[in-house]
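Every read-out reported here was derived from the displayed coordinates using simple, explicitly stated rules and does not represent laboratory data. Values in this document were obtained by computation on a predicted structure and should not be read as measured data. Backbone-built Cβ (ideal geometry, glycine too); neighbour counts: all protein chains shown.
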Amino acid sequence: MVVEGRLLAAAGEGAAEAIRRLKRRGIWTEPAFAEHFALPGDACDTLLDMADWSHAALAAAAADGKRLPREGRFCAIVDGGKASRRDLPPEPKKAEASGVGGGSS
């Protein structure tokens, strides 16, 4: 998509390499952009919506994404890397997920 190149240009130094690192981890292109820039909603839909944005608007979105924490709570990659969703709760610890420990029977 053309918007991806424009977003990288607006983001400045380091953004392209950060996207490449995410892609080397197996994350698809659009979800990698969503993860790096903390984009809301479906990665493809959001990037398509951004296609008509001005350079200034893209730069502001890139700057906003840099300020958000990268702790998995924002733009967690789900469904085998096929989607990017925002504001997911943190993944449960293994003991909580399996029901082991802490519970009463």
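The table for this structure:
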quantity: Environment charge at MET1 (Cβ cut-off 13 Å; Lys +1, Arg +1, Asp -1, Glu -1); calculated: -4
quantity: Phi-based couplings in Hz for region 19-30 (Karplus 6.51, -1.76, 1.60; Gly and Pro marked x); calculated: 5, 4, 4, 5, 5, 5, 7, x, 7, 5, 4, 5
quantity: Ordering of 54-64, 26-36 by packing [mean C-beta count within 10 Å, highest first]; calculated: 26-36, 54-64
